[in-house]
Amino acid sequence: MSIRVLNPNAEVLNKSAALHMNINAAKGLQDVLKTNLGPTGTIKMLVGGAGDIKLTKDGNTLLKEMQIQNPTAIMIARTAVAQDDTSGDGTTTTVLFIGELMKQSERYIDEGMHPRVLVDGFEIAKRAVLQFLEKFKTPVVIGNEPDKEILKMVARTTLRTKLYESLADQLTDIVANAVICIRKPEEPIDLFMVEIMHMRHKFDVDTQLIEGLVLDHGSRHPDMKRRAENCHILTCNVSLEYEKSEINAGFFYSSAEQREAMVAAERRSVDERVQKIIDLKNKVCAGNDNNFVIINQKGIDPPSLDLLARAGIIALRRAKRRNMERLVLACGGEAVNSVDDLTEDSLGWAGLVYEHVLGEDKYTFVENVKHPHSCTILIKGPNDHTIAQIKDAVRDGLRAVKNTIEDESVVLGAGAFEVAARQYLVNDVKKTVQGRAQLGVQAFADALLIVPKTLAENSGLDTQDVIISLTGEHDNGNVVGLNQHTGEAIDPQMEGIFDNYSVKRQIINSGPVIASQLLLVDEAIRAGRNMRKPT
């Protein structure tokens with residue numbers, strides 16, 4: 001009431017109203033994303049203001065693209081998006097878990113319980129579950145040669161929740177091989193070294209991994225070869241075009257010879273650079289049928305292109321900087337910034353370089369390289385939303401494989417961890433907690449079951465039957481998950497269903513923090529100044 005005295009225009013929601021607003025917002029966002037979870041989840045269709053359509057199951061994409069008005073829902077959505085930025089997956093689960101924590105708390109609060117007691121219980125349960133996760137995880141020996149089968153299982157589990165089964169299984173190999181290709185021992189994995197290119201061409205099942213590079217432009221001269229084998233690759237960042245002087249200078253000439261001499265002098269520095277490259281080509285390609293390819297980050301003007309074409313050199317200009325880094329990792333050699341000290345050591349190698357024309361777009365493929373540490377995933381699809389969907393899925397799949405290698409452990413999926421953690425909280429932890437905080441632990445334990453419940457619901461199964469059979473198996477000492485086709489208990493290890501350890505840890509860490517903050521809100525006041533900085 002005191003705020004009314006200070007500002008009569010303030011909108012105030014008092015104790016129970018503010019709390020119920022937060023709980024309803026969390027439940028509302030949960031209901032929107034609930035149907036997306038798991039391999040049998042449904043797809044959302046987002047329509048933009050201009051009528052553009054996006055089809056997606058990816059929680060991260062949905063939360064970023066949806067216009068959310070409610071401040072509480074925005075806060076939860078930001079937590080889930082942060083979850084994706086940190087570990088690459090688990091957005092939908094985060095939203096469901098926060099929503100379920102609020103829903104379970106509502107039962108106790110309506111019976112007159114103070115939110116602070118519940119929050120204390122959440123904190124105890126969170127610490128206990130994180131300790132349980134350390135014991136529950138399955139270690140993976142990575143070493144110099146990671147176990148490809150485990151990486152494929154983790155990637156398959158992630159991809160099947162985003163795409164239909166046969167396409168997900170095909171992409172599994174692509175994603176696992178891509179990460180193994182770019183991985184260097186004792187160095188962090190840089191996923192930017194996997195180039196993701198797309199072509200609106202053929203079908204989604206034609207997506208492929210190219211151990212090499214695909215550039216999204218072609219050569220600029222009609223006489224250059226469109227296909228070359230056994231190529232020396234020169235990666236350079238040298239300007240091969242005539243540049244005007246920076247000062248305005250005037251030249252006076254009295255005869256045509258003087259003008260010709262002046263034009264020749266202007267071109268001389270560029271022509272000398274081109275000649276040095278041609279000399280190197282003649283040196284390395286003499287007496288064999290090898291070819292020579294230049295990929296330059298800066299420009300090459302038409303006279304220089306003509307000289308290179310006459311010498312039988314394929315030249316590509318204005319390559320992207322990130323592709324220059326990838327080229328050196330894929331083909332070997334080194335990127336040169338000057339043509340003064342060119343040697344054979346600075347050249348890379350590719351078995352095949354060819355150009356592919358698609359409509360008005362040209363693509364240059366650099367393939368059959370020797371020891372690639374960079375590769376390209378070439379996504380194909382008949383239309384833009386198929387390509388966008390595959391792109392999101394591939395990104396998540398790459399992150400899942402990277403997380404597995406970095407965590408050196410995985411967690412059993414199909415809802416097995418959630419049911420096991422719930423039984424641990426109810427059977428072991430709850431008995432050690434004194435007083436009313438037990439109810440907070442109980443609420444946390446019940447909230448964990450939202451994952452197997454939703455998986456069952458999205459598969460058209462009876463949730464009560466599923467939960468009873470799963471908890472019964474766990475009480476008998478069997479760690480089981482849910483078979484989405486039959487509704488029976490399965491061993492996730494035998495089926496190869498694994499989740500990322502870091503994703504689970506992040507969900508358990510971030511979910512209760514946001515839920516606790518929202519439960520402790522007892523007044524919502526819309527009277528603040530505009531918190532955005534003045535533009």
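In order along the range 487-499, the phi-based Karplus estimate (6.51 cos²θ - 1.76 cosθ + 1.60, θ = phi - 60°) of 3J(HN,Hα) comes to x, 8, 6, 10, 8, x, 5, 5, 7, x, 9, 10, 10 Hz; Gly and Pro are listed as x.
A crude spin-label estimate for the pair His114 and Asp345, with each label 7 Å from Cα along the Cβ direction, gives 7.4 nm. Counted residue by residue at 0.36 nm each, then reduced by the alpha carbon distance between them, the extension gain from Thr42 to Ala82 reaches 12.1 nm. A cut-off of 5 Å between modelled amide H atoms, ignoring neighbours fewer than 5 places along the same chain, links Ile490 with Gly481, Leu482, Asn483.
Three principal axis extents describe the C-alpha atoms of the range 295-385; from largest down they are 48, 33, 23 Å.
Taking trypsin sites (Lys or Arg not before Pro) as candidate sites, keep only those in a DSSP loop with at most 10 other Cβ atoms within 10 Å, then name the longest stretch of the chain containing none of them. Walk me through the numbers before you get to the answer.
Numbers: sites that count: Lys244, Arg529, Arg532.
Formally, the longest exposed-site-free interval is 245-528.
So which of Lys126/Lys184; Lys27/Lys54; Lys320/Lys362 end up more than 26 Å apart by C-alpha? Pairs exceeding the cut-off: Lys126/Lys184. Each stretch of four or more DSSP H residues adds -39500 (n - 2.57); spread over every residue of the chain, this sum gives -16000 deg cm²/dmol at 222 nm. With the simple spin-label model, which puts each label point 7 Å out from Cα in the Cβ direction, the Asp169 to Arg107 separation comes to 4.0 nm.
In plain terms, the chain from Arg318 to Ile53 could stretch by 92.1 nm, reckoned as 0.36 nm per residue minus the Cα-Cα distance. Within the chain, the whole DSSP H helices whose Cα atoms reach 20 Å or more along their own axis and whose mean Kyte-Doolittle score is at least 1.0 are 165-182. Over all pairs of different C-alpha atoms, the chain has a mean inverse distance whose reciprocal, the Kirkwood radius, equals 27.1 Å. Please work out whether the range 331-429 counts as rounded, prolate or oblate from its C-alpha gyration tensor, where a ≥ b ≥ c are the square roots of the eigenvalues and a/c under 1.5 means rounded, while otherwise a/b larger than b/c means prolate and anything else oblate? In terms of gyration-tensor shape, oblate. Here's the picture: charge each Lys and Arg Cβ at +1 and each Asp and Glu Cβ at -1 in the range 412-480, and of Val480, Gly415, Leu448 the one pushed furthest to the positive end of that dipole is Leu448.
Calculated FRET efficiency, Asn509 and Ser255, Cβ-Cβ r, R0 56 Å, to nearest 0.05?
Numbers: r = 81 Å, r/R0 = 1.45.
Given R0 = 56 Å and the Cβ-Cβ separation, E is 0.10.
Using a simple spin-label model with pseudo-atoms 7 Å out from Cα toward Cβ, Ile247 and Val426 lie 8.6 nm apart.
First check a/c for the range 41-152, with a ≥ b ≥ c the square roots of the eigenvalues of its C-alpha gyration tensor; if it is under 1.5, answer rounded, and if not, answer prolate when a/b is larger than b/c or oblate otherwise. Oblate, since a/c reaches 1.5 and b/c is not below a/b. Compute the label zone of Gln275 within the range 298-327: residues whose backbone N is under 17 Å from the point 7 Å along Cα-to-Cβ. Of the residues in the range 298-327, 303-311 have backbone N under 17 Å from the label point off Gln275. Stretching Lys391 away from Arg310 to a fully extended chain increases their span by 25.1 nm, per 0.36 nm per residue minus the current alpha-carbon distance. When DSSP beta bridges are restricted to pairs lying wholly in the chain, around 65% turn out antiparallel. Can you work out the PRE-style zone for Met197? Point 7 Å along Cα to Cβ, and I want the residues of the range 314-341 with backbone N under 18 Å. Under 18 Å, as judged by backbone N against the label point of Met197, lie 314-332 of the range 314-341.
Bear in mind that the values in this text are calculations on the coordinates, not laboratory data. As the structure is a prediction and not an experimental result, all values here were calculated from the model. Neighbour counts run over all protein chains shown; Cβ positions are idealised from the backbone, glycine included.
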